[in-house]
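The block underneath contains the structure these notes are about, expressed in structure tokens.
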Amino acid sequence: MGDGKSDADLVREALSGRTAAYALLVHRWSARVLAVCHGRVGNAFTAEDLAQETLLRALRALGSIREPERFGSWICGIATRTCLDWLKSKQRTEVSIYPLEAQAGEDRSHVESFDDSWDLLYQELEQLPAECREVLMLYYYTESTYQELGEMLEVSAATVNARLTKARKLLRHRLSEAGS
């Protein structure tokens, strides 16, 4: 937090009409919001859309925050609810267009051939159970401590450790099977 202001200070400034303060909050928290969304829905493109929706919902609801010092937990909660809303909606029947994009020959790094190791990792990661995918995404996107992750997910640091261990084991297993 290089600007020296706490989340609570920035929330109060944003509520008083200083839009740059909300922009700073977005800068601080957008990676975590994206990680929550990606972990919940398992699709990078959808996660990006849902993260944007989360940031918009948070801006609209900023006046309702009771504890500005807990902005991070508050916005991650909004991200979770945004994803759950999407999962319950008809949009859940969307079909991934990764294979279609690859066949169309678009030059996009995330749509390279299936044999590419990064693409394989990405695909296997998205196939993990939501609980495992979410904790992995949060851990690697945000570089948070187990304690911080526990607060975001409303579980203990030990539970975070157990979920990460399970997620890594599942991912290693899936990658070794895919490489055979």
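The values are calculated or read from the model by the stated rules, or taken from the named source; none is laboratory data. All of these numbers come straight from a predicted model, not from anything done at the bench. Don't worry about glycine lacking a Cβ; one is built from the backbone with ideal geometry, like all the others, and counts go over all protein chains shown.
Assorted remarks:
- Given (1) modelled with pLDDT of 85 or more; (2) in a helix (DSSP H, G or I); (3) under 20 Å from the mean Cα position of the chain (by Cα), number of the condition GLN91 does not satisfy: (1)
- Among the conditions (1) modelled with pLDDT of 90 or more; (2) surrounded by 13 or more Cβ atoms within 10 Å (Cβ to Cβ), GLU67 misses just one, which is (2).
- For the residues ALA14, ALA20, ALA51, ALA58, the requirement of being surrounded by fewer than 16 Cβ atoms within 10 Å (Cβ to Cβ) and out of contact with any His (no Cβ under 7 Å at 6 or more places or on another chain) singles out ALA20.
- Residues in segment 5-46 that are of a type in the set (S, T, N, Q) and free of Cβ contacts under 8 Å to residues at least 60 places away in the same chain: SER16, THR19, SER30, THR46.
- In the set (1) within 26 Å of GLN147 (Cα to Cα); (2) not in a loop (DSSP other than H, G, I, E, B), PHE45 fails one condition alone, (1).
- Of all residues in segment 4-33 being assigned to a helix (DSSP H, G or I) and polar (S, T, N, Q), the one that is nearest to GLN52 (Cα to Cα): SER30
For every residue, the table says whether it meets (1) at pLDDT below 75; (2) in contact with a helix residue (DSSP H, G or I) (Cβ under 7 Å, 6 or more places away or on another chain); (3) of a type in the set (A, V, I, L, M).
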site: GLY63; (1), (2), (3): no, yes, no
site: ILE97; (1), (2), (3): yes, no, yes
site: GLU131; (1), (2), (3): no, yes, no
site: THR142; (1), (2), (3): yes, yes, no
site: GLU148; (1), (2), (3): no, no, no
site: SER176; (1), (2), (3): no, no, no
site: GLY179; (1), (2), (3): yes, no, no
